[in-house]
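Working notes, beginning with the structure itself.
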Amino acid sequence: MTTHPEDPGAGEPYGIRHLASVRRAKAEELRTVTAAGLQRAIGVAGSGEWSARSATAFVTSAQTVLPEVTVLVGQLDSDAAALDRYAAAVEQLKARAAAVRAAQATRSQELAHSTRVLSWMLPAELLPISGHPAPNPATGTTDFDRARLGNDIADSKASLRHLDAQWADLVLQRRQADAACVASLSSTASRGGFAGLPAGGTTGLTPEQLLQRMAGLSATELTMLFSADPGLAARVAKVTDPTAVAAWWRSYNTSPGQVDKSGHPVLSAQQLALLVIVPGVLGNLGGIPYTVRDSANRQVLAAQGKELRALMADRDKMLANGDGSGPWIALLQEHGYDSASFGAEWNTVTALEKSLGAAGGLTYQLVQFQPGLVPFAAISAGDMDTASQVTVLVPGMATTVSSSMQEQTGDARNLFLQQRALDKVIHSESGLAVVAWIGYDTPRSASEGHIEVVSSAQAKVGAVHLQGFLQGVTGARGWTPGENLSVVAHSYGTTTASLALVHTPVENLTMLASAGLDRAIPSVHDLQVPAGHVWASEASGDNVADLGRGDYLGSDKFSKAVWDSARIPIYDHPVDPTQPAFGAHVFSSEGATVDGVKLHGSDWHFASPQVEAQLAGKTTDQYGYLDRLTTPLYNTGLTSLGLGDSGAVVSR
């Protein structure tokens, strides 16, 4: 709050009362929602209905948080009362200051007038000397007029001095009111007796400094801090250093080394509080454990699903009542939607729910979920907190959360199972994780006449996102950069992934059906991948990958005139990683027999037509690069585990 000590009427009482009402509303929310929700959760966890990990730890920690929430409610109520008192004092001072200002203006005008009139009179020595002064022939005034004006001037000056003293007194009273408000907001009643809150505030701190300032705060202090500053969550979300995030998260470990039955650290009261307060931040913050990110993102997903289904229920009632579309549109607008955005969010939420629901005995983690105009999400097949090898799948054009998440998750599942079958050292799910990552805005489909795929623009943006995700894994796991990480990219995903790996290291890179690498990457030596661990493959029947490299300018939908009209460089990413000049190892995507098992080749450009058909309840005789029982999936399983030099890869 900014005050102006030399202006006792500065500020708006309305704004101060609004701050009080915000705190009062937050207190009521904590009373009626958060505390009640914790009570219900404690009941569910304690009843045996909750079979997830750490149920007992949750009950213990939640029972610690609940009294602190009660304390916080009192703190917020205390803040609101202090602000109300301050608003009343400012309002009174504002009125008195206005009255003094008006009196000062009047007296100043009177003084100016009297001084001006007096200046027009002849000097006294020029007036006649007699018992009765004669009128001055020039002004018609007498020395009695001069005396009267002199008295008026003296009176005005005295009044102004008195008003100045009143103003100084009001300034003093305002300073006292400011100090009283600050003292109330900093008091034990307001701060709950906790000394850990940032004494210097958080204004002006970098995101990383902000985390350092918050490290070690109690659950109540954290709740109070985020409640008092609505913009704090967004600032924490901007932290880009996963190592700093990991250290901040560990600062809340009250029982270091204590783990649950699955080997995950037991969450402290502070960590559970953050999970309740800012799930949307934790779920996407590099450096946070992935079990926590999964819980946070599922919490956000469940809340969105609940809201959307409630709206759908209201719509059904309106239709049943014959209300027409008007009330429905009005209801959507009230909740911040229009028909298109509601439908898009509905498709996104249901796609994620279906994807997560298809785990089928495997561990699925929702390790990224960022709703928005272009939503992003990532689902891991396998536990990313315990995996000793993490592979990230980077998709190509026309991949969205709503239309592609189920297929991408199926691809991740296929590769996970292939890795597990191939790996001669790790024989359990706990050692592997494969991530279906939809973390950038991919180009629209070229088959629909869109030509964005020939440009590197979206790949460059996506590369930055992919770098952040990979670095987040490194920070959360405490690995050295690139350690235990593999990337498998398909089509335009190879354009994106290669740009990311110019700056961020990984152990293995596999590129399938590449739409071409940017001209700035002419060789494997431009990538931060160990020698011999860059692989590429393209099926003989794939005539789509060439389009991205500009090889088919004369086709119906991709004529040179189309390229020229869009003003996009034709050869933004012309580099073919399967060519000898690039320097990658190349493996086969054709049919083969391995250890007596017949493997299909990839028939065209798609990653997994078998997965798509299964999701649609259909069958197909087409196979893609990441379908099960295919040569490219078998080879990719080997190369993504760093076993490409084992002699088992089917060569081209």
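The values are calculated or read from the model by the stated rules, or taken from the named source; none is laboratory data. Keep in mind it's a predicted model, so treat the numbers as computed, not measured. Note that each Cβ is placed from the backbone with ideal geometry, even for glycine, and that neighbours are counted across all protein chains shown. Each accessible area value is taken on the protein alone, full model and side chains, heavy atoms only, with ligands, DNA and RNA left out. Shrake-Rupley method; radii C 1.70, N 1.55, O 1.52, S 1.80 Å.
Annotations for the structure displayed:
- Applying the condition of being at pLDDT 80 or above and not in a helix (DSSP H, G or I) to the stretch 1-36 and asking which residue is surrounded by the fewest Cβ atoms within 10 Å (Cβ to Cβ) yields 12.
- The residues on offer are 493, 462, 410, and the sole one that is modelled with pLDDT of 95 or more and under 20 Å from the mean Cα position of the chain (by Cα) is 462.
- Subset of the stretch 574-596 that is among the hydroxyl-bearing types (Ser, Thr, Tyr) and touching a residue at least 60 places away in the same chain (Cβ under 8 Å) - its residue that is farthest from residue 548 (Cα to Cα): 588
- All positions within the stretch 610-626 that are more than 17 Å from residue 489 (Cβ to Cβ) and surrounded by 22 or more Cβ atoms within 10 Å (Cβ to Cβ): 610, 611, 623
- Residues considered: 268, 255, 227, 262. Of these, the only one that is within 18 Å of the chain's Cα centre (by Cα) and of a type in the set (S, T, N, Q) is 227.
- Number of the condition not met by residue 69 [criteria: (1) crowded, with 18+ Cβ neighbours inside 10 Å; (2) of a type in the set (A, V, I, L, M, F, W, C); (3) modelled with pLDDT of 85 or more]: (3)
- In the stretch 378-393, residue farthest from residue 474 (Cα to Cα) [restricted to those that are in contact with a Ser or Thr (Cβ under 6 Å, 6 or more places away or on another chain) and not in a loop (DSSP other than H, G, I, E, B)]: 379
- Contact map, the stretch 101-122: first residue of a type outside the set (Gly, Ala, Ser), second residue open to solvent by 60 Å² or more (accessible area, probe 1.4 Å), Cβ cut-off under 6 Å, separation 6 or more or different chains; pairs are 121/146; 122/138.
- The single residue among 509, 466 that is free of Cβ contacts under 8 Å to residues at least 40 places away in the same chain and open to solvent by less than 30 Å² (accessible area, probe 1.4 Å) turns out to be 509.
- Selection of first residues in the stretch 339-365 that are farther than 15 Å from residue 304 by Cβ and of second residues that are small (Gly, Ala, Ser) and open to solvent by 30 Å² or more (accessible area, probe 1.4 Å), restricted to Cβ pairs under 9 Å at least 6 apart or on distinct chains, gives the following pairs, ordered by first then second residue: 339/325; 363/430; 364/357; 364/358.
- Condition met for residue 627 (closer than 19 Å to residue 487 by Cα and among the charged types (D, E, K, R)): yes
- Set side by side, the residues 432, 415 differ, and just one is over 19 Å from residue 466 (Cα atoms), among the aliphatic types (A, V, I, L, M), modelled with pLDDT of 95 or more and touching a strand residue (DSSP E or B) at 6+ places or on another chain (Cβ under 7 Å), which is 415.
- Every residue from the stretch 281-311 that is open to solvent by 40 Å² or more (accessible area, probe 1.4 Å), over 18 Å from residue 477 (Cα atoms) and either free of Cβ contacts under 8 Å to residues at least 24 places away in the same chain or of a type in the set (A, V, I, L, M, F, W, C) (or both): 302, 303, 306, 309, 310
- Candidate set: the stretch 144-195, residues that are of a type in the set (Asp, Glu) and surrounded by 14 or more Cβ atoms within 10 Å (Cβ to Cβ); chosen: the one modelled with the lowest pLDDT: 145
- Subset tally (residues that are open to solvent by 60 Å² or more (accessible area, probe 1.4 Å) and either among the basic types (Lys, Arg) or assigned to a helix (DSSP H, G or I) (or both)) for the stretch 236-278: 5
- Among residues of the stretch 314-335 that are of a type in the set (Asp, Glu), those with a Cβ under 9 angstrom from a residue that is open to solvent by 50 Å² or more (accessible area, probe 1.4 Å) and assigned to a helix (DSSP H, G or I), sequence gap 6+ or separate chain, pair up as 314/327; 323/317.
- Only one of the listed residues (93, 111) is under 30 Å from residue 171 (Cα atoms), modelled with pLDDT under 85 and either in a helix (DSSP H, G or I) or open to solvent by less than 60 Å² (accessible area, probe 1.4 Å) (or both). That residue is 111.
- In this structure, residue 349 does not qualify as at pLDDT 90 or above, open to solvent by less than 10 Å² (accessible area, probe 1.4 Å) and within 25 Å of residue 453 (Cα to Cα).
- If you check 478, 472 for being open to solvent by 10 Å² or more (accessible area, probe 1.4 Å) and more than 29 Å from residue 630 (Cα to Cα), only one passes: 478.
- Screening residue 337 against (1) open to solvent by 40 Å² or more (accessible area, probe 1.4 Å); (2) at pLDDT below 95 leaves a single unmet condition, (1).
- Yes/no for residue 564 being over 18 Å from residue 445 (Cα atoms), modelled with pLDDT under 80 and open to solvent by 10 Å² or more (accessible area, probe 1.4 Å): yes
- Residue match in the stretch 355-377 (condition: in a loop (DSSP other than H, G, I, E, B), open to solvent by 50 Å² or more (accessible area, probe 1.4 Å) and among the β-branched types (Val, Ile, Thr)): yes
- Residue that is surrounded by the most Cβ atoms within 10 Å (Cβ to Cβ) [pool: residues in the stretch 532-547 that are within 19 Å of residue 631 (Cβ to Cβ) and acidic (Asp, Glu)]: 538
- Pair list, Cβ < 8 Å and 6+ apart or interchain, from the stretch 635-652 residues that are within 12 Å of residue 585 (Cα to Cα) and free of Cβ contacts under 8 Å to residues at least 24 places away in the same chain to residues that are buried (at least 24 other Cβ atoms within 10 Å of the Cβ) and of a type in the set (Val, Ile, Thr): none
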